[in-house]
Amino acid sequence: MESFMLTRFQMADLLLSLNGGGSRSPIQIVQEAWKKEHHDQVASGKALPAFLSTEWPLVLEKLIKGQGIKGVSLQEAAALGGRVEYSSLSITAMQNWVKRDFKPFFESPKAGKKYSLEQAALLFIVDDLKASLDFESIRKLFERLFRASADGSCCPLLGPIEFYRAYSSLFEEMDADGDQILDSGPEMVEDSGNGTLELRVREAAGRYVSRLNGLEELDKEMLGNMLLIAVFSVQAAYFHALTRRYCNATLFLN
């Protein structure tokens, strides 16, 4: 069976739609992602066997059956996050995050007995950032990004889903050829006029935050830096996943 996978931006769009935002329904997003991945089979009339050979987690089967998803258990969040390309989510890790490492941000489930979709996005963000940062650094970034107060309320610069979608879209923008590696090299300098990858990502993040209303200039600068951190962390996650694959192959085959 083939596992159905999503890019981070597709997952962000799915979470946004499930949370009542966006212009497309959740099932439309999943259908479009699946058809894009199986373009040749769909074009040649072999969509049915391709679908039957695809393994779907139970949480996505709910969407296929027309059921809504207002919240997720940690097991469902792990199953959903496991469909994001080169992610490393596990139920054990997430239990540690919500009960210990990031407890202030997960004091209680926000969707009945389940975690909200915003909290699910927060778990996915932690998984990305830990590719390059320690937990203490991530906590300090979250305190500034989500600006939680002593009474439990918060006034975030961006909500978790918005932030996840923002840096996911920036990564795809900077990876135009879709090879999972941020585009760089002499040809990019000629096309954009920029000299370094860091500068190009900073400028892309700057363009994003410049479109946001109601933020002070210092907040925009901080948010732009956080987006850059997240984009480079996603890149680091890819290289970590690639390294693990080659290590496992070497140990298994030799």
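The values are calculated or read from the model by the stated rules, or taken from the named source; none is laboratory data. These figures come from a predicted structure and were not determined experimentally. Here Cβ is always computed from backbone atoms with ideal geometry, including for glycine, and neighbour counts include all displayed protein chains.
Being under 22 Å from residue 159 (Cα atoms), out of contact with any Lys or Arg (no Cβ under 6 Å at 6 or more places or on another chain) and not small (Gly, Ala, Ser) narrows it down to one residue among 115, 86; which is it? Let's see the steps before the verdict.
Values: 86 fails: under 22 Å from residue 159 (Cα atoms).
None of the others qualify; the one that does is 115.
Consider residue 80 carefully, then state whether it is touching a residue at least 40 places away in the same chain (Cβ under 8 Å), farther than 24 Å from residue 233 by Cβ and assigned to a helix (DSSP H, G or I).
Values: touching a residue at least 40 places away in the same chain (Cβ under 8 Å): yes; farther than 24 Å from residue 233 by Cβ: no; assigned to a helix (DSSP H, G or I): yes.
Judged against the criteria, residue 80 is not a match.
Hey, could you check the range 61-111 for residues that are of a type in the set (D, E, K, R) and buried (at least 20 other Cβ atoms within 10 Å of the Cβ) and say which is farthest from residue 122 (Cα to Cα)? First the steps, then the outcome.
Pass one, the range 61-111, residues of a type in the set (D, E, K, R): 61-62, 65, 70, 76, 83, 85, 99-101, 103, 107, 110.
If we keep only those that are buried (at least 20 other Cβ atoms within 10 Å of the Cβ) as well, we get 76, 83.
Values: 76: 14, 83: 16 Å.
It comes out as 83.
Considering only the range 83-106, how many residues are basic (Lys, Arg), more than 12 Å from the chain's Cα centre (by Cα) and not in a helix (DSSP H, G or I)?
Step one: of the range 83-106, the residues basic (Lys, Arg) are 83, 99-100, 103.
This time we only want the ones that are more than 12 Å from the chain's Cα centre (by Cα), so: 99-100, 103.
Right, trim to not in a helix (DSSP H, G or I) and you get none.
Result for the range 83-106: 0.
Looking only at the range 26-52, which residues are modelled with pLDDT under 95 and of a type in the set (S, T, N, Q)?
41, 44
Output the number of residues of the range 1-59 satisfying the condition of being touching a Pro at 6+ places or on another chain (Cβ under 8 Å), over 22 Å from residue 237 (Cβ atoms) and either not hydroxyl-bearing (Ser, Thr, Tyr) or not in a helix (DSSP H, G or I) (or both).
2
For (1) at pLDDT 95 or above; (2) surrounded by 17 or more Cβ atoms within 10 Å (Cβ to Cβ), each residue gets a yes or a no:
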residue: 121; (1), (2): yes, yes
residue: 151; (1), (2): no, no
residue: 157; (1), (2): no, yes
residue: 163; (1), (2): yes, yes
residue: 184; (1), (2): no, no
residue: 196; (1), (2): no, no
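Mind checking which pairs have a first residue in the range 235-246 that is free of Cβ contacts under 8 Å to residues at least 40 places away in the same chain and within 11 Å of residue 88 (Cβ to Cβ) and a second that is buried (at least 16 other Cβ atoms within 10 Å of the Cβ) and small (Gly, Ala, Ser), Cβ under 9 Å, 6 or more apart or different chains?
244/88
Within the range 54-80, can you find the residues that are touching a helix residue (DSSP H, G or I) at 6+ places or on another chain (Cβ under 9 Å), closer than 20 Å to residue 36 by Cβ and not hydrophobic (A, V, I, L, M, F, W, C)?
54, 57, listed by residue number.
For the range 28-45, what are the residues that are touching a helix residue (DSSP H, G or I) at 6+ places or on another chain (Cβ under 8 Å) and more than 20 Å from residue 12 (Cβ to Cβ)?
Scanning the range 28-45 gives 38, 41, 42.
Could you go through the range 209-226 and let me know if any residue there is under 15 Å from the mean Cα position of the chain (by Cα) and at pLDDT 95 or above.
Step one: filter the range 209-226 for residues under 15 Å from the mean Cα position of the chain (by Cα), giving 226.
This time we only want the ones that are at pLDDT 95 or above, so: 226.
Yes, the conditions are met somewhere in the range 209-226.
Go through the range 208-234 residue by residue and tally those that are free of Cβ contacts under 8 Å to residues at least 40 places away in the same chain and among the hydroxyl-bearing types (Ser, Thr, Tyr).
Final tally of qualifying residues: 1.
Filter the range 204-233 for residues that are surrounded by 15 or more Cβ atoms within 10 Å (Cβ to Cβ) and of a type in the set (Asp, Glu) and give the result.
219
Hey, residue 44 hits all of (1) more than 23 Å from the chain's Cα centre (by Cα); (2) surrounded by 11 or more Cβ atoms within 10 Å (Cβ to Cβ) but one; which does it fall short on?
Unmet condition: (2).
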